[in-house]
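This report concerns only the one structure given below.
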Amino acid sequence: MADNQRTIKKPFFLTGVGLHSGEKVDLNFRPADDNAGISFVRIDLPNQPVIKVVPENGLMEDSNIRCTSIGKDGVAIRTVEHLLSVLSSVGIDNLVVEINGDEIPGMDGSGLEFYKAIKASGIVEQESEKQFFSVKEPISVESNGSSLTIFPAKEFKVSYTMYYDHPFLGAQYFSSEINEDIFEKEIVSGRTFCLESEAAELRKRGLGKGANYKNTLVVGEDAVIDNELRYDDEFVRHKVMDLIGDLYLLGIPIKGHVFATKSGHALNLELLKKIAKQKKDCSKKAHQEVVDFDPENGMDIQQIMKILPHRYPFLLVDRIVELEKGKRAVAIKNVTMNEQFFQGHFPSRPLMPGVLMVEAMAQVGGVTVLTNEAHYGKVGLFMGVDKVKFRRVVVPGDQLVMEVEVTRDRSRTTQLKGVAKVNGDVVVEAEMMFSFTDISYLE
Ligand code: ZN
């Protein structure tokens, strides 16, 4: 059975100090709608800019910064990785995090406080199916003796080899499938760390102001200074947590097996960007396949579902029978007594709701505009409807024949005209408008 998307059950609040900035910040966590994704809102700034968790917003910064930032239009939020790692591992797809500063608090240096707070709030399943990206072909990146490769796999797995030319750290290895159980037991408590020599250097550069011996494992010659390890190999576990968080910048969970050797945030982000590119190329290819339209057989429901994100019971097109890519389509919808909407509209005299006839035409419109090469790999958002006229009712047993034609097509918006008929008689007509988004809900 497919999983559904998840958000938190109720809002909650956390406060803490940024590890680098040393400043106190407050976080408000709020549930978000299906398909909304994860967004941060800088409520301390004018107009409260929103930064979505999408690959384009992952910032490639100086690798010595030692944290992952996201940003857009000059507004950034630092040290998002531990929180994202927790969100990824508990399966949160949709969430709003309001923040009144530019760095996620470091808490105890691990993901534990975020994890506890989310579990205390509770997690709820939503209506929409969870989206994943399954890596299709191996991808590798490397730099200065560090490397990362992701291979196709049924689950999300991480195998990490850490190596420091240091008597206390040396080599550590961690390999496991990543799920909530394993994350909670083996990963979430691993704290951030640095070498004693690096600590001095970071402070000199004005970083690590919020770090202390409790929230950061500072590694001396042969021991951790003024602290005790939670696991013997806590360091590699933390590296795994960082990697999981960095890869969640994809915006949806990944299915694939990552092999990492000595990788840090900069290389993690480089891999992420390549995964994002593969994802984009894949959805373009999927579109390309279905738009190789075969006039003899038309386009069946399986092909339609490669273009439209809609699913039963809200997919209201059965078959596309004629298609001029990006220009015009004719489609059918067989209206049967089994439709869910007849249960309440109206049981004694079932009628297809007029708005659903418009929605059905809009879905045909969606297929029509998304077969225009300029819009491949995008999602059409139904933005407006005008001049709707309902001419007669539609009842179980009717076959809706919908003809939709593009009247104006621009890069960001498209206008269409649609008419639906039953037995040659017009039942509804309307003008519709779509806009496009790059966020694809399709694999
Ligand atoms: Zn970290």
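FYI, it's all coordinate maths here, none of it is from the lab. Computed from a predicted model, the values in this text were never measured in an experiment. In this analysis, Cβ positions are derived from the backbone assuming ideal geometry, glycine residues included, and neighbour counts consider all displayed protein chains.
Between the DSSP loop rule and a limit of at most 10 other Cβ atoms within 10 Å, which GluC sites (Glu not before Pro) in the range 205-294 are left? Spell out each step's value before the answer.
Values: sites: GLU221, GLU228, GLU234, GLU270, GLU289; in loops: GLU221, GLU228.
Passing both the DSSP loop test and the Cβ count: GLU221, GLU228.
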Could you give the size of the charge dipole of the range 1-125 about its Cα centre, using +1 on the Cβ of each K and R and -1 on the Cβ of each D and E, expressed in debye and rounded to the nearest 20?
-> 320 debye
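In nm, what is the difference between 0.36 nm times the number of residues separating ARG328 and ARG412 and their Cα-Cα distance? The partial results should precede the final answer.
Numbers: separation 84, 0.36 × 84 = 30.24 nm, distance 1.83 nm.
Length gained, ARG328 through ARG412: 28.4 nm.
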A chain fully extended from SER197 to TYR312 at 0.36 nm per residue, minus the present Cα-Cα distance, gains in nm 35.5 nm
Over 27 Å (Cα to Cα) - which of LYS10/LYS136; LYS255/LYS280; LYS116/LYS255; LYS130/LYS262 fall in this group | LYS10/LYS136; LYS130/LYS262
Toy charge model, Lys and Arg Cβ at +1, Asp and Glu Cβ at -1: the chain dipole around Cα centroid in debye, rounded to 20, equals 1160 debye
The chain: angle of helix 112-121 to the longest principal axis, Cα-based, in degrees nearest 10 | 40 degrees
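Using Cα pairs under 8 angstrom and six or more residues apart, how large is the relative contact order of the chain, in percent?
Details: 996 pairs, mean separation 64.6, N = 443.
Contact order relative to length: 15 percent.
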Express in nm, to one decimal, how much length is gained between ASN297 and THR336 on full extension, taking 0.36 nm for each residue of separation and deducting their alpha carbon distance.
-> 11.8 nm
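With r as the distance between the Cβ atoms of LYS285 and SER143 and R0 = 22 Å, compute the FRET efficiency 1/(1 + (r/R0)^6) and round to 0.05.
Working: r = 29 Å, r/R0 = 1.31.
The value I calculate is 0.15.
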Estimated 222 nm signal from helices in the chain, with DSSP H stretches of n ≥ 4 weighted -39500 (n - 2.57), rounded to 500 = -6500 deg cm²/dmol
Between PHE168 and ARG392, what is the spin-label point distance in nm, taking each point 7 Å from the Cα along the Cα→C-beta axis?
-> 8.4 nm
Given just the C-alpha atoms of the chain, how large is their convex hull per residue in cubic angstrom?
-> 156 Å³
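In square nanometres and to one decimal, what's the mean projected area of the convex hull around the Cα atoms of the range 210-337? If you can, show how the numbers build up before the last one.
Working: hull surface 56.3 nm².
Answer in nm², one decimal: 14.1.
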In whole angstrom, note down how far apart the Cα centers of the range 184-247 and the range 96-172 are.
-> 15 Å
Against the longest alpha carbon principal axis of the chain, how many degrees, from 0 to 90 and to the nearest 10, is the axis of helix 81-90 turned?
-> 50 degrees
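Need one word for the range 305-443: rounded, prolate or oblate. Basis is the Cα gyration tensor (sqrt eigenvalues a ≥ b ≥ c); a/c below 1.5 gives rounded, then a/b vs b/c decides. Numbers along the way, then the final one.
Values: a/c = 1.98, a/b = 1.59, b/c = 1.24.
In terms of gyration-tensor shape, prolate.
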Based on the mean of other beta carbon atoms within 10 Å per residue, what is the order of 19-32, 331-344, most packed first?
-> 19-32, 331-344
May I ask for the angle, rounded to the nearest 10°, between helix 265-290 and the longest principal axis of the chain, with both axes built from Cα atoms and the value confined to 0 to 90°?
-> 10 degrees
As a percent rounded to 5, the proportion of antiparallel DSSP bridges among beta bridges in the chain is 85 percent
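Net charge around LEU229, counting only other residues with Cβ within less than 11 Å of its Cβ (Lys, Arg = +1; Asp, Glu = -1)? Show your work: numbers first, answer last.
On the way: positive: ARG191, ARG230, ARG237; negative: GLU228, ASP232, ASP233, GLU234.
So the environment of LEU229 carries a net charge of -1.
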In debye to the nearest 20, how big a dipole does the range 278-362 give about its Cα centre with +1 on each Lys and Arg Cβ and -1 on each Asp and Glu Cβ?
-> 360 debye
Given LEU217, PHE168, SER435, which one lies farthest toward the positive end of the charge dipole of the chain, if we put +1 on the Cβ of every Lys and Arg and -1 on the Cβ of every Asp and Glu?
-> SER435
Given charges at Cβ of Lys, Arg, Asp, Glu: the range 302-443 dipole, positive-most of GLY397, ASN338, GLY354 | GLY354
Once the range 1-116 is represented by equal point scatterers at the alpha-carbon sites, with solvent omitted, what log10 I(q)/I(0) does the Debye formula produce at q = 0.14, 0.16 Å⁻¹?
-> -0.55, -0.72
Rank PRO152, GLY37, LEU272 by how far each Cα sits towards the positive end of the charge dipole of the chain (+1 on Lys, Arg Cβ; -1 on Asp, Glu Cβ) and give me just the farthest.
-> GLY37
In nm, to one decimal, how far is the SER121 label point from the PHE12 one, both placed 7 Å along Cα→Cβ?
-> 0.8 nm
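Report the net charge of residues surrounding GLU198, where surrounding means a beta-carbon distance below 13 angstrom and charges are Lys +1, Arg +1, Asp -1, Glu -1. Please report the intermediate quantities before stating the final value.
Details: positive: ARG66, ARG203, LYS204, ARG205; negative: GLU196, GLU201.
Charge balance in the 13 Å sphere: +2.
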